[in-house]
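Each remark here refers to the structure printed beneath this line.
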Amino acid sequence: MQTRTRTLAALGALALIVAAGACNDDNNDVTAPQSGRVFVQVERLGNPLVSEVFLAKRNHGFHNAGRPSTDVANHTTELKSFVMTVAGRDQSVANTLATVLLPDMLIVQTDKATTGAGWLTWALANGYGGRKLTDDVVDAGLSAIFGNLLSPNNVSAGLTTDNVSQNDKPFLTTFPYLAAAN
């Protein structure tokens, strides 16, 4: 019993020492950025189908580690090649998709009415841009690649949807808007 009491006392003392070390009142500027922190970018999915469809799997890491400022130089050839060879579309469709999907980032036109918000609306519908929670970006992207959205020639209508029609649960009407996970 005495050994157990000493062990518990030692553990309690150790916990107090660790807790005291974690509480540092010397840093009064707790809201300032930490200049010594390093962040590692893991994934970029502004336009989800850029890396998930157009780029070969072997190039995903290269794309994810890159920056939007280098996307046009690094990925235009591969994106256009996919559109013309795999999707069987013509050069004009390939050029349009490369223009609106590269650089891979969401664009918001703040000088447009927010009622025109939606994925790629800034480029294809004179809209606000951005992305709404309700946007089915996969179906919209597949429709642009394989459907008649950009051209009625050489369409593959069977490839224009992922057959996911809605969320499992409705979105909330207040922040954070997302439904609880399943």
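Observations, loosely collected:
- Cut-off 12 Å between beta-carbons: net charge of the residues surrounding ASN47, Lys and Arg +1, Asp and Glu -1: -2
- On the beta carbon distance between ASP162 and GLU43, with R0 = 25 Å, the FRET formula returns roughly 0.85.
- Count Lys and Arg as plus one, Asp and Glu as minus one, and take only other residues whose Cβ is under 12 Å from that of GLY129; the net charge is then +1.
- Each part gets one Cα centre, and for segment 144-182 versus segment 38-73 those centres are 21 Å apart.
- On the basis of the beta-carbon distance and an R0 of 30 Å, ALA181 and GLN34 show a calculated FRET efficiency of 0.50.
- Cα shape, segment 49-159, gyration tensor, a/c 1.5 rule: oblate
- When the chymotrypsin sites (Phe, Trp or Tyr not before Pro) in segment 86-140 are filtered for DSSP coil states and for at most 16 other beta-carbon atoms within 10 Å of their beta-carbon, no site remains.
Just so you know, all these numbers are worked out from the coordinates, no wet-lab data involved. Worth saying up front: this structure is predicted, and the values here are computed from it rather than measured. Cβ sites come from the backbone with ideal geometry, for glycine too, and all protein chains shown count toward neighbours.
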